[in-house]
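Participant: Provided herewith is a single structure, encoded as structure tokens, for subsequent inquiry.
The values are calculated or read from the model by the stated rules, or taken from the named source; none is laboratory data. All figures in this text were calculated on a predicted structure; none of them were measured in a lab. When we count neighbours, we look across all protein chains shown, and the Cβ atoms used for this are built from the backbone with ideal geometry, even at glycine.
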Amino acid sequence: MRRWVDLLRAGSASRSAPWVVFAAALAARLILGFAFLHPTAPVTADALYYDAMARAILERGALVSPTGELTASRMPGYPLFLAAIYALGGTAPVVPRLVQVVLGSTGPVALFLLARVVFGAFPAVVCGALAAIDPFLIFYDYQLWTESLGITAVSWALWFFAARVAPNPSPGRSAAGGVLAGLATYVRPDLVLLVASFGTWALAKLRPWRRTLISGTVMGLSCVAMLTPWIARNAVALGHFVPLTTESGFIMWQANNEDILRDPALYGGWLPWPGNPDADYFTPPDLSKDPRFTGYVDEVDLDRRLRANVFEFWREHWRSMPGFILGKWTKLLAISPGFPFWPRSFVWLSRLWYGFLLSAFAIGVGVALARRKPVGILLAFLGWFLVRVAIFMSVFRYRLQIEPIFLTFGAFAIASAIEWLAERRAAEKP
């Protein structure tokens, strides 16, 4: 057994190792995807929204809602990504899905490299193998949603921070990290947490303080510079300052309201818009059905009103907030696939996998801290994600961003157990 561990350690350091991980991830995605996930199926749910926005970009050259108005309800990265694929390869849903499968297969490579930097050669092998066959990552690579690109961006950003910025947080590398975080934010607005994660780590680790201040400022300014064209576009198109999207108020309100608070089973989830239970993405919500609003308002005003309503909800129920937030965090541990339309065999596999991975993650965190591994940036990202969950929701789709954290720590726990067992067996031999 020890011989195999040594061979895998040596193989992990080879130049071909990342390519092996990529090939394994691609093969797993193609086999499981075509077996279970119907890659040629029509788009549904949020994919209808992104599909309509991508088609409008090709037809009108503008980012508009499916009803035809200029909008900032979504970040432009994913609609532009779909529009480029439609322009080059046609509008059949299987085309962007296969592109996402290829891009998504690079995510396990990033996690392999991340684990090799943080935990060592053998844990990297285990992490690459786990990420290659992770059913959640495979599932989202076949959905025309932002999660596939978002999780790949998180994986590469965490590797870049741990391998390039943390050992030498020079202004140039910090600026590159800010650019990477800005690009990720164009896909999913919550990935601006990457900058907050680095800042938290820098405050805790970097000395002198001048170096911390310079690195954090450069990264933050680089991220803002990347987002400036989008902010300027919103100012011109909508006449308002919109730094990210106009959807944050809606999502906050769905997860923070009286109905949710009265039912602990709903903590961390959301309620659909009143009068719009099927989430019809092609018509504006009928605000007249909600007593807090009268008539139709523009999306910027709606976003502000909903956020103000959430702030008032927090002020009125501040005594209940600790238990409310704890309930949201508890939902992160729920072994659930999150979607009723997963194929039955895939649901069973996913639940088994998530329970196994969650247990390994908990053990891995403890072992990593006991051995003083350089996991500060990973834990900072996890911490900021918990803050995000406290503000918004923790339903399965929205907690996918911490899958790299689960995978890396889980792989470290499994690798540590295998190495310990190999050493013990080697010691028992005469």
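Participant: How many residues are free of Cβ contacts under 8 Å to residues at least 60 places away in the same chain, of a type outside the set (Gly, Ala, Ser) and in a loop (DSSP other than H, G, I, E, B) if we restrict to the stretch 74-93?
Facilitator: Residues meeting the conditions: 2.
Participant: Among (1) touching a Leu at 6+ places or on another chain (Cβ under 6 Å); (2) crowded, with 18+ Cβ neighbours inside 10 Å, which single condition is residue 178 missing?
Facilitator: (1)
Participant: Note down all Cβ pairs under 8 Å where the first residue falls in the stretch 152-163 and is free of Cβ contacts under 8 Å to residues at least 24 places away in the same chain and more than 16 Å from residue 375 (Cβ to Cβ), the second is polar (S, T, N, Q) and assigned to a helix (DSSP H, G or I), and they're at least six residues apart or on different chains.
Facilitator: Filtered contacts from the stretch 152-163: no entries.
Participant: Restrict the check to the stretch 214-225 and report whether at least one residue is within 16 Å of residue 187 (Cβ to Cβ) and surrounded by 14 or more Cβ atoms within 10 Å (Cβ to Cβ).
Facilitator: Checked against the condition, which is being within 16 Å of residue 187 (Cβ to Cβ) and surrounded by 14 or more Cβ atoms within 10 Å (Cβ to Cβ), the stretch 214-225 yields at least one hit.
Rundown of residues vs (1) farther than 30 Å from residue 352 by Cα; (2) not acidic (Asp, Glu), yes/no style:
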residue	(1), (2)
70	yes, yes
82	yes, yes
95	yes, yes
111	no, yes
114	no, yes
142	no, yes
147	no, no
153	no, yes
158	no, yes
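Participant: Only one residue in 125, 195 is part of a helix (DSSP H, G or I), touching a residue at least 24 places away in the same chain (Cβ under 8 Å) and out of contact with any Lys or Arg (no Cβ under 8 Å at 6 or more places or on another chain). Which one?
Facilitator: Of the residues listed, the single one that is part of a helix (DSSP H, G or I), touching a residue at least 24 places away in the same chain (Cβ under 8 Å) and out of contact with any Lys or Arg (no Cβ under 8 Å at 6 or more places or on another chain) is 195.
Participant: Residue check: is residue 71 in contact (Cβ under 8 Å) with a residue 40 or more places away in the chain and touching a strand residue (DSSP E or B) at 6+ places or on another chain (Cβ under 7 Å)?
Facilitator: yes
Participant: Same structure, new question: Of all residues in the stretch 161-173, which are buried (at least 22 other Cβ atoms within 10 Å of the Cβ) and not small (Gly, Ala, Ser)?
Facilitator: 161, 165, 169 - these are the residues of the stretch 161-173 that are buried (at least 22 other Cβ atoms within 10 Å of the Cβ) and not small (Gly, Ala, Ser).
Participant: Follow-up question, since we're still on this one. In the stretch 199-255, what residues are assigned to a loop (DSSP other than H, G, I, E, B), out of contact with any Ser or Thr (no Cβ under 9 Å at 6 or more places or on another chain) and under 28 Å from residue 161 (Cβ atoms)?
Facilitator: 207, 208, 242, 243
Participant: Might you check whether a residue that is modelled with pLDDT under 80 and touching a Ser or Thr at 6+ places or on another chain (Cβ under 9 Å) occurs anywhere in the stretch 303-322?
Facilitator: No: the stretch 303-322 contains no residue that is modelled with pLDDT under 80 and touching a Ser or Thr at 6+ places or on another chain (Cβ under 9 Å).
Participant: Out of curiosity, is residue 375 surrounded by 14 or more Cβ atoms within 10 Å (Cβ to Cβ) and either at pLDDT below 85 or closer than 30 Å to residue 114 by Cα (or both)?
Facilitator: yes
Participant: Identify all residues within the stretch 141-188 that are small (Gly, Ala, Ser) and part of a loop (DSSP other than H, G, I, E, B); write none if there are none.
Facilitator: 166, 170
Participant: Something else about it: Restricting attention to the stretch 249-264, which residues are surrounded by fewer than 18 Cβ atoms within 10 Å (Cβ to Cβ) and touching a residue at least 60 places away in the same chain (Cβ under 8 Å)?
Facilitator: 264, the sole residue that qualifies.
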